[in-house]
Every structure is written in structure tokens, then in C-alpha cells.
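Below is one structure, written out as C-alpha cells; comments come after it.
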Amino acid sequence: MQFKHLALTAALAATVCVSAQAQTEIQWWHSMTAVNNEWVNDLAKQFNESQKEFKVVPTFKGAYDESMTAAIAAFRSGNAPHILQVFEVGTATMMASKGATVPVGKVMKDAGADFNPGSYIPAVAAYYTAPNGEMLSFPFNSSTTIFYYNKDAFKKAGLNADKAPATWPEVFEAAKKLKASGHSCPMTLAWNGWTQLESFSAWHNVEFATEKNGLSANGYKARIKINSPLHVRHIDNLAKAAKAGEYLYKGRGSAAQASFTAGECAMIQTSSGFYGDVAKNAKFAYGLAPMPYYPDVKGAPQNTVIGGASLWVMAGKKPAEYKGVAKFFEFLSQTKVQAASHQRTGYLPITMGAYELTDKSGFYAKYPGTDVAVNQMVRKVTDNSRGIRLGNYVQIRTIEDEELEQVWSGKKSAKDALDAIVSRGNELLARFERSYKQ
Amino acid sequence: MEKRVLFRSAWLPWVLIAPQLLIIGLFFFWPAGQAVIQSFQMEDAFGMSTEWVGLDNFRQLVDNPSYLDSFQRTAMFSVLVAGIGIVVSLVLAIFADRIVRFAMVYKTLLIVPYAVAPVIAGVLWVFLFSPSIGVATYYLGALGYNWNHMMNDGQAMALIVIASVWKQISYNFLFFLAGLQSIPKALIEAASIDGAGPWRRFWNIQLPLLSPTTFFLLVINIVYAFFDTFGIIDAATQGGPGQSTSILVYKVYQDGFKALDLGGSAAQSVILMCIVVALTVVQFRYVEKKVQY
């Protein structure tokens, strides 16, 4: 399969070369599939048609982790693409690999391009910005955690279908009633680490890791701190719900999502990017709502952290090519392009302008709930809510999954599991600190 | 009688084996050597900074209780995969060998799974046994059995064993079938005339004559379980729940290819390599003695 892929890519590249000799080519590796793949191709097409000097060539390189591995291998052999889409979990690795990438701020400045990092939604911009204020990667497709519920199931259980449970105590109460009404799966959760630990921490304005969650200048020295009483209390509550059959664990990553669209589970917390799937496949009335919170926690709710990906510019290319990259980014940051992307994909509008334009067009009024994710993000960010940027984070996410699974199946207490995440995660962070010693 | 081929020239034999040596060197010794070097280093993903850390990567693994637990899991997994795989495919091969009509159809159907990529195999079984949408889960539920391999260790292990065995059966089947067909019919017929039933004929004639094949498959299947199953595990359970299906090679794959921790992953693969070398030596020294060629 790999070879077939390679051959196809090569063949494609060859035809492109012949037809566009005069143009400077910009290679763009991404991980967008299905409808999002069409979106990416359309963006490149629009840009290519808008001018004659450059040609952006988007190439699908597999899932986020696969495209990153592919780009790293390519970089090591001197064939890296110009632009690489990297998921948020890989951000710390990209940032720490000085010399492998060129900061987007620099690319734009060198090309004299029109670029204002201040136009981006604070939580998005802050995540991809270095402590010295320079924007390192170009925000592209950002998502965040939101809450979905099945209105039909709510009605059947005698709950108010027009108002989603806003707090965790209300969620657990609703779960009990759903269970009593005969619903076999009142609640499930996708991306457990992301939604229940990372987003949960930001939402409640509590520290996830030291060094401002890894975003400070000494970010590589960060250590995880998610065994606080609030974290233990929340995971313990979920464990109790799991034991009572009110919360059902459906697997890692996005696996749980299918059980919501199928109507099996009545409530789910997952990515805002799940909206398109629900809108297309759900055969029941559904509602979108902000993440629940604990009302007694001071500072809650704050804002949520972002998921999704951004575009990195790889090092070692010619100045003319960087100019093309800058031109392309300039094209992408246009408000109308941003707004169209947001409405098409369900990803966040990453600039304030795109949000306002979408709002004015009546999109949010027409599709209620599509503004929930935005409203959760458009707030003043704190050190605890800016985002989480830690090294070896792919492995740490796995540890989070492993330990939480032991809690859901009743083999470990919430406290023991969170302690284990902290100690196992911190070993990996110590390794990261060592491998990136400046 | 002298069986060896004699070369008068000093260099000709070297020239003749050179392509083979080159391929082994290029595709086996070179990467293996690199893995050994990398296992003593700590490196960032892009290779911008490399530090020699001696045995630190190994020390970290030895200090990690969850890594040590993984040995036991891997042993159990590979014994199950090799054992069940060999027995089931032997049974299938015996049946296929006796079939007169539609033999080609059966054989083809049995060989098809080998053409399926490991990840696809994993996905296929996940669809069957998915806790929410699985067909098999649905019928098991109707029978009163609650299947959820996301929560249940034993079920998760059973799922990856079934998927791995299913994937490997075709390979074993082909060898067994070829082995069975190469047993002279005269032997079987003679035994039949002497009054030996099918069970007796199998036990005293076919099985002993198949022992070289079985031994070869034992080695191949152990190596398969150790090295080739990460795709299935990644698609089916991702090592969970907890770490109950995280066998050694899965952790190598995950840490190296997904998490880009090259040093740590290289150290694990060096350990894995040593285990398989040791296992193979043991097999050839002790198990092979029972094999009659």
C-alpha cells in the first residue's frame, strides 16, 4: 500500500511538474480525510487560481501521527514539505525542534506579508505563540470540547429538553433519570484525557502542569499536576457513575462518538468537530451545549483548550518558496476564507473577524449550537486555560487512557490512577527535558 | 558420497552469494546496527540534537514495572497465537486434504485472509465485536453474554488472539496442506490395509512426517506474534484496556512511530531482538531434536 501511495504521489508530482514549470511549487502535507480533504483541496485550488506565481500542492500523508512521522523522515533526508499540518499534541515537539522549522511570524515578516497575530482568537493565538510573542505556526483547524445531548431521550426521561445540564451535579442527576427511564447508556465520553483532564482543568481554571501548562519560557521543564482534590473528585464521580451504569466507557479516541449518533448514549462530551457527523447522521433531536462544570469551583467556567492542528513551515527552503508560503497564509487569513472554512467544517473560526462575519450572516441563528464552541473560546485566557503544551505528549495521552480505563472498570481508585498518571507522565517529561536540553 | 559442490575458483562462491549478503546487510544488519546505536542515545524527533546516554534507556525500561509486566503478556499472547494458529490450521489442512469436490473453493477461501493487511484485519474484527455497533456483540448480547472488550481484559486479549490467529491461519494452512500432499499415498494406503483408522493413520504416519513443517511453522508463528501483530492491536484495542493487550512490539511501535521517542523505542526493539534470538536458539537446540527430517 505504501508503495502504491508513493507511486501515485510520484505520478501526480510528475504531471504537476510538466504543466507548471514556471510556477514555484509549495508542498503542503496534511491529514484531512473525506469532506475535510475536499475542503483542503478547494483552498489550494482557490489560491492557485487567485495568482500565477505560486502553486500549492496539497498531499494527504495519513493520520496526524503518520504525517508527522513522514515529515520527520523526509526532513532527515532533506525532502521535507514546505508546509506541514501538525496536531496540537505534536506542538511541543515541533517547538522544541529549533532549526527544523521557521516561525510563521518570521516567514510573514521576511516576505513583507500582511499578517496580524492579534486578529486571532486569544486562546488559539496564545497556543501557537512563543513566550517572546512570535507566532510559531499558522492556526488552521482548531476544535474544542463541547457537550452534546439527545433531546428525545431527555423528553422521554422527563427532563427539560430545551435546557442542557449546565453543571456536573446536573449531568449526574440527568444520567440517573435517563437510566431510570430505561436508557441503557445515559452518558459516554470521547477522548478521555483531552475532555476530562485537559479541558476540564482549563474550564475550572486549575493548573494541569507547572510552567504555565508547559507554555512558559521554561516549558520543557513542566511537570503534570492533575492529582489535585478537584481532579480526584471529578474522576471519582465519574467512576461512581460508571459503576452505577450511568456512564459507559466506549473506548479510546473518538470511538465513543458512534454510540451517540446511533442513539444508544444520550449524552457525550467530545470535539466540536463532531458536529458535522451529528448533523448528518443523528435521527433524533439533539442539542449542543457548553461543557459542564462544578459550580462551587472559583473561576469556573473559564475557557476550554484547543484541539485540532496548525500549519508549520519547515526549514531549509529557498527564499522564493517562503514568499509563496507567506502569500498562501495571507490568502488563508482573509476573513471571508476563514468564515467559509468555519461554516463548512465545524472547526472554530480562528479569527475574531471570521466569527463576527459568520454571526452577521445569520449562520449561528440558523444552526443553533454551532456558536457554543466559539463562545467557550472567546474569553480572556488565564495561565491555566491557555492550552497544554507538553513534550512526549502522545505517550502521556496513552498513559491517561490506560490509567483511566482501570478506574472505569473498577480496578483502581481515582486517586491511585491520577497519582499514577502524574508519576508515569513526569518520567516522560523528564526524558523530554533531557533530550531537548538547550 | 560427496554431496558438496566444489568450486575451483577462490572468488566465484563469494560472487555468487554476494547479492544475498548485500541484501541481508542492507536490510537487516544495517538497520539492526542502527537500532543498537540509537538505543544508547537520546534524540529529539528531528535529529537536531543527539546525546549519548549509555544504558539510560535500558535502565528506564527495567525500572518501569508496566514494561516488565508486558513480558508475561507477550509470552501468553505468542503461545496462544502460535498454538491455536498451528492446531486450527492443521485441522483445516487435514479436512481440505480429504475433500474431493470443490477443493479449490475451500482452499481459496482459506488462503484469502493472508492477503488482508494486519490493520484491516484488526478493523474487521473490531467491527464484529464493537461494544456499540458490533454484529457479534449484538448476538452475544441476545444470548445473554455481555461483550465489551474496552472494559474487560480477558475479552480484549481474546479478540487480538482471534484476529492474529485468523490472519496467520492461511500461511500455516498452505504449508500444512503442501506437507500433507507430499506424504506418499502408498504409506497411508498400506496403513489402511493393515486396519489403521483415520486417527491412527494421522497420529502414527502423517503427524510425524509433518514434524519438520510444524517446527518451521512454530518458529515462524512465534516471530509473527512477536513482530507482526502491532497493526492488529493498534486497530483493535490500542493496547487497552489499561495495558492488558500492550505486548512488547506494540509498545515499540507506539513509542517509536507514534510518539517519536526514538531512543526508548530502539532500546525496546534491541531487547525484543535478543528475546527472539534466544527463543530461536532454544527452539533449534531443544525442540528440533524431536523433529524427524
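The values are calculated or read from the model by the stated rules, or taken from the named source; none is laboratory data. A quick note: this is a predicted structure, and the numbers were derived from the prediction, not measured. Virtual Cβ from ideal backbone geometry, glycine too; neighbours counted across all protein chains shown.
Observations on the model:
- Residues within the stretch A:386-395 that are among the hydrophobic types (A, V, I, L, M, F, W, C) and more than 9 Å from chain B (Cβ to nearest Cβ), tallied: 2
- Only one of the listed residues (B:Ile220, B:Ile271) is in a helix (DSSP H, G or I), under 20 Å from B:Ala35 (Cα atoms) and away from chain A (no Cβ under 13 Å). That residue is B:Ile271.
- Across the stretch A:332-362, the number of residues qualifying as within 13 Å of A:Pro117 (Cα to Cα), in contact (Cβ under 8 Å) with a residue 60 or more places away in the chain and not in a helix (DSSP H, G or I) comes to 3.
- Residue within the stretch A:265-280 that is in a loop (DSSP other than H, G, I, E, B) and either more than 14 Å from chain B (Cβ to nearest Cβ) or more than 24 Å from A:Met32 (Cβ to Cβ) (or both) present: no
- Taken together, A:Ser413, A:Ser423 contain a single residue that is among the hydroxyl-bearing types (Ser, Thr, Tyr), within 12 Å of another protein chain (Cβ to nearest Cβ) and more than 17 Å from the chain's Cα centre (by Cα), which is A:Ser423.
- Yes/no for A:Glu400 being within 14 Å of chain B (Cβ to nearest Cβ), buried (at least 24 other Cβ atoms within 10 Å of the Cβ) and more than 30 Å from B:Met42 (Cα to Cα): no
- Those residues of the stretch B:223-248 which are of a type in the set (Val, Ile, Thr) and either surrounded by 23 or more Cβ atoms within 10 Å (Cβ to Cβ) or touching a Ser or Thr at 6+ places or on another chain (Cβ under 6 Å) (or both), in sequence order: B:Thr229, B:Ile232, B:Ile233, B:Thr237, B:Thr245, B:Ile247
- Some residue of the stretch A:228-250 being within 20 Å of the chain's Cα centre (by Cα), at negative phi and surrounded by fewer than 23 Cβ atoms within 10 Å (Cβ to Cβ): no
- Against the list (1) hydroxyl-bearing (Ser, Thr, Tyr); (2) surrounded by fewer than 19 Cβ atoms within 10 Å (Cβ to Cβ); (3) in contact with a Ser or Thr (Cβ under 9 Å, 6 or more places away or on another chain), the condition A:Ser67 fails is (2).
- Within the stretch B:51-63, being more than 9 Å from chain A (Cβ to nearest Cβ) and in a strand (DSSP E or B) holds for one residue alone: B:Trp52.
- Answer residue from the stretch A:82-113, given it is of a type in the set (Val, Ile, Thr) and touching a Leu at 6+ places or on another chain (Cβ under 7 Å) and is nearest to the other protein chains (Cβ to nearest Cβ) among those: A:Thr93
Yes or no, residue by residue, for (1) at pLDDT 90 or above; (2) out of contact with any Phe, Trp or Tyr (no Cβ under 9 Å at 6 or more places or on another chain); (3) of a type in the set (Lys, Arg):
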{"site": "B:Thr213", "(1), (2), (3)": "yes, no, no"}
{"site": "B:Val223", "(1), (2), (3)": "yes, yes, no"}
{"site": "B:Gln268", "(1), (2), (3)": "yes, no, no"}
{"site": "B:Gln283", "(1), (2), (3)": "no, no, no"}
{"site": "B:Val287", "(1), (2), (3)": "no, no, no"}
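- Screening A:Gln23, A:Gln51 for residues that are at negative phi, more than 24 Å from the chain's Cα centre (by Cα) and modelled with pLDDT of 90 or more leaves exactly one candidate, A:Gln51.
- Taking the stretch B:83-202 as the region of interest, the helices (runs of 4 or more DSSP H) fully inside it that hold 1 or more residues being under 30 Å from A:Leu404 (Cα atoms) and of a type outside the set (S, T, N, Q) are B:118-129, B:135-142, B:153-181.
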